[in-house]
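Here is the structure we will look at.
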Amino acid sequence: MIKRPKPQKFRLRRTMMFMNAQKPGLIKDAYIYGADSIILDLEDAVAENQKDAARFSLYQALQNVDYGDTEVIVRINGLDTPHWQEDIRCVVAGGADGIRIAKCESAQDVLTVEEHVLAAEREFGVEEGRTLLMAALESPKGILNAYEIVTASDRMFGCAISGGDFRKSMHVQIEEGGIEMLSARGQMLLAARAAGVQCFDTMFPYLDDTEGFQAEVIQNRKMGFDGKSVINPKQIRFVHETFAPTPKEIAYAEKLVRSFNEQAESGVGVYTVDGKMVDIPFFEDARRVIALAKACGVYKGDL
Amino acid sequence: MEIQKPAIAGTLESSDAQIVVEPFTDGIQLSIESSVMNQYGRQIKATVLETLEHLGVKNGKITVNDKGALECTLKARVECAVFRSCGASEKNIPWGGVVR
């Protein structure tokens, strides 16, 4: 019986890899590819008449497969289906780290899930508050309500846009440069940062279009995302490399932190580094960059 | 639990197992076919029987077609098939109780 450590609300989540919970061949070794998180799927990947089988398979995997440091999230069925309540009982009893709420559209959706999660934690003797939540925003309404959604519960660690459903509801296709989802991505990022939670981009569906995939990942990083959903192990490495701070960013952050320590001692608040004005917010961001570099395993310095 | 009607769970894909359960009145009749029979036949049998015992299944005809499933997969498939045979696989599963 595997006892997973208590989930951390804030941790590195550059990649979240989707796995069909009904396929034993996938879930047994899902952790070996090195994604930061895996999402075992009870929703769209599982056929309607196999929802029950997927839960037994999920429960036994959660109880018996050692996923190590890989975070284990489960995507449950939508609140408009007959499946989500049993999904929650199964996930909580099995001891997964968190739940991804599919098609989340309002704070009320989050509160409904949270109520059932709490009931399941009590039913199965799981520490109250252990099970984390994240919201998948898949509709214009979900995007417009992003802030109320991500602030609806203390369990909420972040939100992700789900491109497939979202693009359909907007009558658009994937476009080079991502203009079709630009405002939705931007709005979701604003909401997540305002709430102090993480923000994740949708998966890129064309496995053979390396160029398109890489362009999207680079844009994700530039926009300020914390990570991205992936659907194939071969997508992991590029995302991890792209989301890690560059040597140049790390060197600059180190310089800032060191100079700040010196300036603070002599009572100076705002000053210049390499000809650029810096003050306290820069210092905080520099510390974030160094912490991220450490978490990504690319930091070699001594700060 | 009592096997009330024939039920099936699992697939014939690699790393999976397909379990068929059928009503039977005279104890457990187990037949196993496996792609790894020589190495793991005894272990498969033990896992299936143990899972049935946890579920309190005393009678039933159980057919296992194993394609190299892990123990946890075998358990999940047996459990699902038995709950399906009772029409009880969709909700209020006793997770951590007889399903363990």
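The values are calculated or read from the model by the stated rules, or taken from the named source; none is laboratory data. Just so you know, these numbers come straight off a predicted model, no measurement behind them. Every residue, glycine as well, gets a Cβ built from its backbone with ideal geometry; the counts of neighbours run over all protein chains shown. The protein model used for the area step is the full one, side chains on, heavy atoms only, and it has no ligands, DNA or RNA in it. Shrake-Rupley method; radii C 1.70, N 1.55, O 1.52, S 1.80 Å.
Just a few scattered comments:
- Taken over segment A:53-75, the criterion of being among the basic types (Lys, Arg) and either within 15 Å of the chain's Cα centre (by Cα) or more than 8 Å from chain B (Cβ to nearest Cβ) (or both) is satisfied by A:ARG75 alone.
- So A:LEU118, is it open to solvent by 40 Å² or more (accessible area, probe 1.4 Å) and either in contact (Cβ under 8 Å) with a residue 24 or more places away in the chain or part of a helix (DSSP H, G or I) (or both): yes
- Scanning segment A:76-100 for residues that are in contact with a helix residue (DSSP H, G or I) (Cβ under 6 Å, 6 or more places away or on another chain), assigned to a loop (DSSP other than H, G, I, E, B) and within 11 Å of chain B (Cβ to nearest Cβ) turns up A:HIS83, A:GLY95.
- Qualifying positions in segment A:206-237 - within 23 Å of A:VAL72 (Cβ to Cβ) and either open to solvent by 20 Å² or more (accessible area, probe 1.4 Å) or not assigned by TED's automatic domain parsing to the domain that holds A:ALA135 (or both): A:ASP226, A:ILE231, A:ASN232, A:PRO233, A:LYS234, A:ARG237
- For segment A:22-36, the tally of residues that are modelled with pLDDT of 85 or more and open to solvent by less than 30 Å² (accessible area, probe 1.4 Å) stands at 4.
- Within segment A:261-280, the set of residues being under 37 Å from the mean Cα position of the chain (by Cα) and of a type in the set (A, V, I, L, M) comprises A:ALA264, A:VAL270, A:VAL273, A:MET277, A:VAL278, A:ILE280.
- Conditions (1) free of Cβ contacts under 8 Å to residues at least 12 places away in the same chain; (2) in contact with a His (Cβ under 9 Å, 6 or more places away or on another chain); (3) of a type in the set (A, V, I, L, M); number of the one not met by B:ILE93: (2)
- Taking segment A:142-258 and the helices (runs of 4 or more DSSP H) fully enclosed by it, the elements with 1 or more residues that are small (Gly, Ala, Ser), over 21 Å from A:ARG100 (Cα atoms) and at pLDDT 95 or above are at A:182-195, A:210-223.
- Residues being touching an Asp or Glu at 6+ places or on another chain (Cβ under 9 Å) and either open to solvent by 50 Å² or more (accessible area, probe 1.4 Å) or aromatic (Phe, Trp, Tyr) (or both) - total across segment A:45-66: 3
- Scanning segment A:114-123 turns up at least one residue that is at negative phi, modelled with pLDDT of 95 or more and either outside the structural domain of A:GLY224 (by TED's automatic domain parsing) or within 20 Å of the chain's Cα centre (by Cα) (or both).
- Exclusive hit being closer than 30 Å to A:GLY297 by Cβ, of a type outside the set (Lys, Arg) and away from every other protein chain (no Cβ under 14 Å), set A:ILE38, A:ILE27: A:ILE38
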